[in-house]
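Notes for the one structure printed next.
The values are calculated or read from the model by the stated rules, or taken from the named source; none is laboratory data. In this text the structure is predicted, and so the values were computed from the model without any measurement. Heads up, the Cβs are rebuilt from the backbone with ideal geometry, glycines too, and the neighbour counts pull from every protein chain shown.
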Amino acid sequence: MKILHLVSQDFGGAGRAALRLHLSLLALSELNKPIESIMLVQDKSSDSINVLRLAKTKPQKIMEKLRPLIASLPLLFYPKRHKDIFSANGLSNNVLLKAIEKINPDIVHLHWINNGFFNIKDLKKIKAPLIWSLHDANAYTGGCHIVPTTCIQVGNHCKKCPLLDSKFSFDLSYHTFETKNKTYKNLNLTINGLSHWISQCAKNSALLKNKKIINLPNPINTELYCPINKDIALEILKLSNSKKTIVFGAINATAIGRKGYVQLKEALKILKNKQEIRTIIFGASKNGTNDSKDNETIETHYLGYLHDDISLKLIYNAADIVIVPSLAENLSNTIMESLSCGTPVVAFDTGGNSDMIEHQKNGYLAKKFDCNDLAKGIEWILNLSPASYKLISQNARKKVLEHFESSLVAKMYIKAYEDILGGGGGKQTLILYSFLSYLYLLHIYSFLIARNIKESR
């Protein structure tokens, strides 16, 4: 069974999650499981096996750089749009379609396919069955990736998009929605909601409510993301063990509003004994709010962007607590990585966070967007006795081992692939069906010949 993963890039949140699934499937294939996994990307940063960059020739590489820009051109008609990402339908990508045809997969597994990588209309040109993992809302919207709280149309038909600051019914979101609606109708498409939350969102959406929707999570390598001695982690980071360590991190952690940095700062203001606490922030190299006086009594370290798993593992193990104050989350890599390292997490009870965090068992789920409750959760964990903290830490690790461990999740996906193909590889099934049909026709032919001979006598 050959699986082809399509994702715009092999880095960033969705890219890293897709890469982990790809590597998990490859690891199973080494254990004599009948599976071949290939990952095809527009932007490639890893040297992982079977991860292929789409562009080969110089013209293709030039076009590869231009695609995101070209795909964003329609947004110029909306100069007052919100800064959050909006993806209209990109150009048709014939190079990609030819690559898919050449690889000839049994199943095409879609992940995050924006930035000009894929044109939704081209889904109809793929012969193999499709499964689409929802890393965000884009598959069931007219272009947004995080549905604005002011949006009331996604359950019906996108128009007058608040993200575009549009006052017109027939705007870009309307036409993108229409394109998706027409394309999806006759597709052999299975939707995979990575969290229970986004699975339910897909079921409630106008675009995907009639599709088969399953719920399988992202996997994580628990041998890589594992507990190590906290003192050793602190020593490597050149930090003393004299203070409690709070970690917050995300891509553009302090610059993107929905990452919750403002809410984190409000919660930190409420904390007592600030001189006994330090914060480590990764994914940013400075205070994105330009307010240097906030929480000035709390020692703060900005680590910038971390691109490798080893550095992240060190950070999580150096932490007493990891804070994920995001206003919107699907299945957070940060939460899963932290729990796998045995470090409890405090987060708002939003999106898919409750799939991983069990309230006051392996972390703390604060009331949605309540900074006071966020602070309460931080203090609750920081004030635990050593024995209670050890139990919380063990529960964190146990949750990941039982639900998200890479080989466990990979087997779930293989079962899903087999179900999509009717119990086996698509080409193998077709060959078997053709052979049985041949035998049946041969039997009918032999019967007719025998009857004609008998009648002629």
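Go through the residues of region 145-155 one by one and say whether even a single one is touching a helix residue (DSSP H, G or I) at 6+ places or on another chain (Cβ under 8 Å), at pLDDT 95 or above and in the same structural domain as D43 (by TED's automatic domain parsing).
Yes, that holds for at least one residue.
Quick grid of which residues meet (1) among the aliphatic types (A, V, I, L, M); (2) crowded, with 22+ Cβ neighbours inside 10 Å; (3) touching a residue at least 24 places away in the same chain (Cβ under 8 Å):
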{"residue": "I214", "(1), (2), (3)": "yes, no, yes"}
{"residue": "C226", "(1), (2), (3)": "no, no, yes"}
{"residue": "K238", "(1), (2), (3)": "no, no, no"}
{"residue": "K244", "(1), (2), (3)": "no, no, yes"}
{"residue": "G249", "(1), (2), (3)": "no, yes, yes"}
{"residue": "A255", "(1), (2), (3)": "yes, no, yes"}
{"residue": "Y261", "(1), (2), (3)": "no, yes, yes"}
{"residue": "K265", "(1), (2), (3)": "no, no, yes"}
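Can you confirm whether L207 is closer than 26 Å to G13 by Cα and touching a residue at least 24 places away in the same chain (Cβ under 8 Å)? If you could, list the steps in order and put the result at the bottom.
Working: closer than 26 Å to G13 by Cα: yes; touching a residue at least 24 places away in the same chain (Cβ under 8 Å): yes.
So L207 fits the description; yes.
Suppose the filter is within 24 Å of R16 (Cα to Cα) and surrounded by fewer than 22 Cβ atoms within 10 Å (Cβ to Cβ); does L130 pass it?
In short, yes.
What about R53, is it among the basic types (K, R) and touching a residue at least 24 places away in the same chain (Cβ under 8 Å)?
Working: among the basic types (K, R): yes; touching a residue at least 24 places away in the same chain (Cβ under 8 Å): no.
Spelling it out, it is not the case that R53 is among the basic types (K, R) and touching a residue at least 24 places away in the same chain (Cβ under 8 Å).
The rows are residues; the columns are (1) at pLDDT below 95; (2) buried (at least 19 other Cβ atoms within 10 Å of the Cβ); (3) under 28 Å from D308 (Cα atoms); (4) hydrophobic (A, V, I, L, M, F, W, C).
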{"position": "S24", "(1), (2), (3), (4)": "no, yes, yes, no"}
{"position": "K33", "(1), (2), (3), (4)": "yes, no, no, no"}
{"position": "D47", "(1), (2), (3), (4)": "yes, no, yes, no"}
{"position": "G90", "(1), (2), (3), (4)": "yes, yes, no, no"}
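For region 149-188, enumerate the residues that are surrounded by fewer than 19 Cβ atoms within 10 Å (Cβ to Cβ) and part of a helix (DSSP H, G or I).
Of everything in region 149-188, those that are surrounded by fewer than 19 Cβ atoms within 10 Å (Cβ to Cβ) and part of a helix (DSSP H, G or I) turn out to be H175, E178, T179, N181, K182, T183.
Going through L91, L75 one at a time, which residue ends up being more than 29 Å from M412 (Cβ to Cβ), of a type in the set (A, V, I, L, M, F, W, C), in a loop (DSSP other than H, G, I, E, B) and touching a residue at least 24 places away in the same chain (Cβ under 8 Å)?
From the options L91, L75, the qualifying one is L91.
For region 399-413, what are the residues that are over 17 Å from G363 (Cα atoms) and either buried (at least 19 other Cβ atoms within 10 Å of the Cβ) or modelled with pLDDT under 95 (or both)?
S406, V409, A410, Y413
Evaluate the following for K61: is it part of a loop (DSSP other than H, G, I, E, B), more than 19 Å from L194 (Cβ to Cβ) and in the same structural domain as N114 (by TED's automatic domain parsing)?
For K61, the condition - part of a loop (DSSP other than H, G, I, E, B), more than 19 Å from L194 (Cβ to Cβ) and in the same structural domain as N114 (by TED's automatic domain parsing) - is not met.
Being small (G, A, S) and within 22 Å of L19 (Cβ to Cβ) is the filter; apply it to region 53-89 and report the residue that is nearest to the chain's Cα centre (by Cα). Walk me through how you get there before you give the answer.
At the first step, the residues of region 53-89 found to be small (G, A, S) are 55, 71-72, 87-88.
Then keep just the ones that are within 22 Å of L19 (Cβ to Cβ); that gives 55, 87.
On the way: A55: 24, S87: 16 Å.
Among them, the one singled out is S87.
When you scan region 189-227, how many residues do you find that are among the basic types (K, R) and in a strand (DSSP E or B)?
1
Are there any pairs with C-beta distances below 6 angstrom linking a residue in region 370-393 that is within 13 Å of I270 (Cα to Cα) to a residue that is in a helix (DSSP H, G or I), with the two at least 6 apart or on different chains, and if so which?
These pairs meet every condition: C371/Q263; C371/E266; C371/A267; L374/A267; A375/A267; A375/I270.
Limited to region 94-127, what total is found for residues that are outside any helix (DSSP H, G or I) and either over 19 Å from L25 (Cα atoms) or at pLDDT below 95 (or both)?
Number satisfying all stated conditions: 9.
Here is a list: A375, A396, A318. Which entry is at pLDDT 95 or above, among the aliphatic types (A, V, I, L, M), farther than 30 Å from T149 by Cβ and more than 23 Å from the chain's Cα centre (by Cα)?
A318
Answer yes or no: is there a residue in region 105-114 that is surrounded by 20 or more Cβ atoms within 10 Å (Cβ to Cβ), touching a Cys at 6+ places or on another chain (Cβ under 9 Å), touching a residue at least 12 places away in the same chain (Cβ under 8 Å) and of a type outside the set (A, V, I, L, M).
First, pick out the residues of region 105-114 that are surrounded by 20 or more Cβ atoms within 10 Å (Cβ to Cβ): 105-114.
Filter once more, so that each one left must be touching a Cys at 6+ places or on another chain (Cβ under 9 Å): none.
No, that holds for no residue.
Let's see how each residue does on (1) touching a Leu at 6+ places or on another chain (Cβ under 7 Å); (2) over 23 Å from D106 (Cβ atoms); (3) in a helix (DSSP H, G or I); (4) of a type in the set (S, T, N, Q):
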position	(1), (2), (3), (4)
I3	yes, no, no, no
S8	no, no, no, yes
L21	no, no, yes, no
L40	yes, no, no, no
A55	no, yes, no, no
P68	no, yes, yes, no
